[in-house]
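Notes to accompany the following structure.
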Amino acid sequence: MMFDLAFIWAGLIAFAVLAYVILDGFDLGIGILFPLFPKRHDRDVMTNSIAPVWDGNETWLVLGGGGLMAVFPLAYATVLPALYMPIILMLLGLIFRGVAFEFRWRTNRGSVWWDAGFFVGSTIAAFMQGVALGALVQGIRVVNRAYAGGWWDWLMPFSIVTGLAVVVGYALLGATWINLKTTGELQAHARKISMATGAGTLLLIGVVSIWTPFIDRVYFERWFGWPTAFFSALVPLLVAMCAVALWHGLLREKSVQPFLAALGLFIICFAGIGISFYPYIVPGSLTIWEAAAPESSLAFLLVGASVLIPIILAYTGYAYWVFRGKIDPEEGYH
């Protein structure tokens, strides 16, 4: 083939996963932060800020998961049995969160319980996403191109730390989103929370970054060997730049800059994971090319993706453009 279709598809799925993380991350963060905003009116404004876009944000999760199954079936068949429990819990959290989001508007007396459900569902979904990532980084035992580990292999100290890191990171995205979309006391409170969650996110990024190279010799060589060490050295520098931009924006009471800086942290960390993994799609076991479907299938599916992905990008961008600006606290979701 003139083009490396497996590599192109790996890039498309990586883009879909990144789009999901940075888009659905902030609306999961809204739910995670609910206990820190006890007033019903503040919670209403917070959910109003994500009401027009939160459903569409999850499109990327479907695209990433469906694309993995269709394009890299061997990787899908290997990874899924290893992560059944965290993925099932994540999906249950997303379902419960979605139900709570809708039902909290239908009752005043029982809204506190649906608010609790929104918090619990959002937190479980975020935590399990981080646990799944940590388990994948830690390594999946593969024998004869099939998962050979146990039911609880995903539950390890490293995966628990990565789960906590994702929860705190999503809370940072949620807090900076509230800062972006609101005004007054709600915005001021979100700004304070952004500082706390920003510090926590940076601390956990540091812990995970120091821990990762010592999990596997491949990661160590990738981070500290030449020439990949050159790119690895840029990661902490870029993280520091985003941290400075985050703090500067919060201290100067800016709206857009802190949110963009928080997104930057996630993008840089995602790039760091890519540096660690490449060319593997199942670390240490299956490369992109070993796990890929036949090239005829990749080419056929790419035709559909070349139509579908621009459409998704177009309607997503349009939705964010239409609902840009600050939220009117007197108008709500019905």
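The values are calculated or read from the model by the stated rules, or taken from the named source; none is laboratory data. None of these values were measured; they are calculated from a predicted model. Cβ coordinates were reconstructed from backbone atoms using ideal geometry, including for glycine residues, and neighbour counts include every protein chain displayed. Just so you know, the surface numbers come from the protein's heavy atoms only, side chains and all, with ligands and any DNA or RNA stripped out. Shrake-Rupley method; radii C 1.70, N 1.55, O 1.52, S 1.80 Å.
Would you mind calculating the relative contact order of the chain from Cα pairs under 8 angstrom and at least 6 residues apart, reporting the percent as a whole number? Before the final figure, lay out the partial values.
Working: 420 pairs, mean separation 79.7, N = 334.
That works out to 24 percent.
Sequentially through segment 190-201, phi angles give Karplus couplings (6.51, -1.76, 1.60; θ = phi - 60°) of 4, 5, 5, 5, 4, 5, 5, 5, x, 5, x, 5 Hz, Gly and Pro residues having no value and appearing as x. A protection proxy built from the mean count of other Cβ atoms within 10 Å ranks the segments 231-238, 84-91, most packed first, as 84-91, 231-238. Residues of the chain were split at every exposed loop site, defined as GluC sites (Glu not before Pro) in a DSSP loop with at most 14 other C-beta atoms within 10 angstrom, and the longest piece left, sites excluded, is 1-252.
Placing +1 on each Lys and Arg Cβ and -1 on each Asp and Glu Cβ, with no other charges, gives the chain a dipole about its Cα centre of roughly 560 debye.
Can you list the trypsin sites (Lys or Arg not before Pro) in segment 65-153 that are in a DSSP coil and have 15 or fewer other beta carbons within 10 angstrom?
Listed in order of number, the matching sites are R106, R109, R141, R145.
Residues of segment 199-213 falling in the label zone of V244, defined by backbone nitrogen less than 19 Å from a point 7 Å along Cα to beta-carbon, are 199, 202-203, 206. Can you match percent of Cα pairs over 39 Å apart to one of these, (1) 24; (2) 14; (3) 32, based on a calculation from the structure here? It is the value labelled (2). If you plug the beta carbon distance of F224 and A148 into 1/(1 + (r/R0)^6) with R0 = 41 Å, you get a FRET efficiency near 0.90. With a Förster radius of 41 Å applied to the C-beta separation of L302 and A116, the computed FRET efficiency comes to 0.40. For chymotrypsin sites (Phe, Trp or Tyr not before Pro), the sites in segment 1-62 that DSSP calls loop and that have at most 16 other Cβ atoms within 10 Å are F3.
The spacing between segment 112-176 and segment 224-287, judged by their C-alpha centroids, is 19 Å. Using θ = phi - 60° in the Karplus curve 6.51 cos²θ - 1.76 cosθ + 1.60, the 3J(HN,Hα) couplings for segment 267-280 round to 5, 5, 4, 5, 5, x, 5, x, 4, 5, 7, 4, x, 7 Hz; x is entered for Gly and Pro.
Taking Lys and Arg as +1 and Asp and Glu as -1, the other residues whose beta-carbon sits under 13 Å from that of K192 total -1. As an equivalent ellipsoid, segment 36-108 spans semi-axes of 33, 14, 9 angstrom, where each value is the square root of five times an eigenvalue of the C-alpha gyration tensor, largest first.
Of Y147, Y318, Y76, the residue with the greatest mean-square motion in the GNM of the chain, using alpha carbon springs below 10 Å, is Y318. In this calculation the C-beta distance from D216 to I95 is compared with R0 = 35 Å, giving a FRET efficiency of 0.55.
Probing with 1.4 Å while keeping every protein chain in the model, the per residue accessible area of the chain equals 48 Å². Between A135, A77, A171, the Gaussian network model of the chain with springs among Cα atoms under 10 angstrom shows the greatest mean-square fluctuation at A77.
Share of carbon and sulfur in the accessible area of the chain stands at 73%, probe radius 1.4 Å. Between Y280 and K326, residue separation times 0.36 nm minus the direct Cα-Cα distance comes to 12.3 nm.
Take every pair of alpha-carbon atoms less than 8 Å apart whose residues are at least six positions apart; their mean separation over the length of segment 44-157 yields a relative contact order of 28 percent.
Amide hydrogen proximity for Y147: with H placed 1.01 Å from N in the peptide plane, no residue at 5 or more positions away or on another chain lies under 5 Å. Here is how the number arises for the chain: DSSP H runs of 4 or more residues each give -39500 (n - 2.57), the sum is divided by the residue count, and the result at 222 nm is -25500 deg cm²/dmol.
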